[in-house]
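Visitor: Submitted below is the structure of interest, expressed as structure tokens.
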Amino acid sequence: MSDQYPKGAIIIIVDNEKPEGNGPFWVYPVPDMESVEEGQETKGFLIMCSVDQRCDERDGTVQWISAKMVGRKQIHFRVPSLPFFMMPLSAIHQDAVYKALDDQLPESIMKSINHSVAFLTPSTTGGSVDPMESAVAEARKWTTYVLDFSRVSYVGELKASLVSREAGTDEVLSFDYILLPCKWEADGMAEEASELEEFLGFRVGVELPQAQASRKVGRPQQAQKSKMQLWERKPHWQR
């Protein structure tokens, strides 16, 4: 793993005081995450992000959102750049989408958009697709984020392998599908969810800094508690 950010990545410095304020991600500290060691627990984070469940319905072989470690405290996420309704960009599909844009935007702006979008379809020479244009077009279909935990003082190192046996040498984060209600229909006095939004919940474990792990009693232990208070803080409804 490298501590260098991937080229073109959007860097998000994690704010542990605002779990929902980290770009498109919700970052929640978990004090007792299940460890790969049987009967053991570890501290960690649950990182949630929304995913359009229609993507899997269209092509279940594609990893639409993925995450892996790219540094001791950095996690790399890859997500689609385009909304679902613009994937895939077939010729007929493109015509419909950009006709709608053309009806709503000035001509000068549409010329720029059309020029840029043209490069999403690689040109062919002698029946072969230009490999350089193809690589550029493929890269543009994805957006990369890096969640940087380097300013979270109580984190020593993040490791997916602490909570997943499938993490491998690349420290790939495992995830769970999470369904949340997003629309309700009233039925008398009761309301029932009529639509569900799909999220992915990625899990990563935390190795504490050596200095914290070796602390014993007295004042040092009090200092440790102040740094770990985010994990120990009760939800507002329990205070």
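Visitor: Explain nothing, just compute: Karplus ³J(HN,Hα) = 6.51 cos²θ - 1.76 cosθ + 1.60, θ = phi - 60°, for every residue of segment 22-30 in order, whole Hz, x for Gly and Pro.
Guide: Here the 3J(HN,Hα) series is 10, x, x, 10, 9, 10, 10, x, 10 Hz.
Visitor: Another question, if that's okay. Around CYS49, under 14 Å between beta carbons, what's the net of Lys plus Arg minus Asp minus Glu among the other residues?
Guide: Taking every Cβ under 14 Å from that of CYS49, the sum is -3.
Visitor: Okay, next question. Each residue of segment 142-149 in turn: what ³J(HN,Hα) in whole Hz from Karplus with 6.51, -1.76, 1.60 and θ = phi - 60°, glycine and Pro shown as x?
Guide: With coefficients 6.51, -1.76 and 1.60, one gets 10, 10, 10, 10, 10, 8, 9, 9 Hz.
Visitor: Compare the peptides 41-52, 8-19 by average per-residue count of other Cβ atoms within 10 angstrom and give them in order, highest first.
Guide: 41-52, 8-19
Visitor: Also, I was wondering about something else. Amide H neighbours of GLU197 under 5 Å, at least 5 residues apart or on other chains, H built in the peptide plane: list them.
Guide: LEU180, CYS182
Visitor: Evaluate the distance, in nm, between pseudo-label points positioned 7 Å from the Cα of LEU180 and of LEU196 along their respective Cα→Cβ axes.
Guide: 1.5
Visitor: Along the Cα→Cβ direction, 7 angstrom out, place labels at ARG165 and ILE113. What is the inter-label distance in nm?
Guide: Between ARG165 and ILE113, the label points sit 5.1 nm apart.
Visitor: Ordered by residue, what ³J(HN,Hα) values in Hz, to whole numbers, does segment 101-108 give under the Karplus form 6.51 cos²θ - 1.76 cosθ + 1.60, where θ = phi - 60° and Gly and Pro are x?
Guide: My calculation for segment 101-108 gives 5, 4, 6, 10, 10, x, 4, 4 Hz in order.
Visitor: Continuing with this model, one more query. Taking the Cβ-Cβ separation of SER150 and GLU20 as r and a Förster radius of 22 Å, what is the calculated FRET efficiency to the nearest 0.05?
Guide: Computed FRET efficiency for SER150 and GLU20: 0.65.
Visitor: Same structure again: Report the relative contact order of segment 1-66, percent, no decimals, based on alpha-carbon pairs under 8 angstrom and at least 6 residues apart.
Guide: Reported relative contact order: 20 percent.
Taken together, the values in this text are just the output of simple stated rules run on the coordinates, not laboratory data. A quick note: this is a predicted structure, and the numbers were derived from the prediction, not measured. For neighbour counting, all protein chains shown are included, and Cβ atoms are generated from backbone atoms with ideal geometry for every residue, glycine included.
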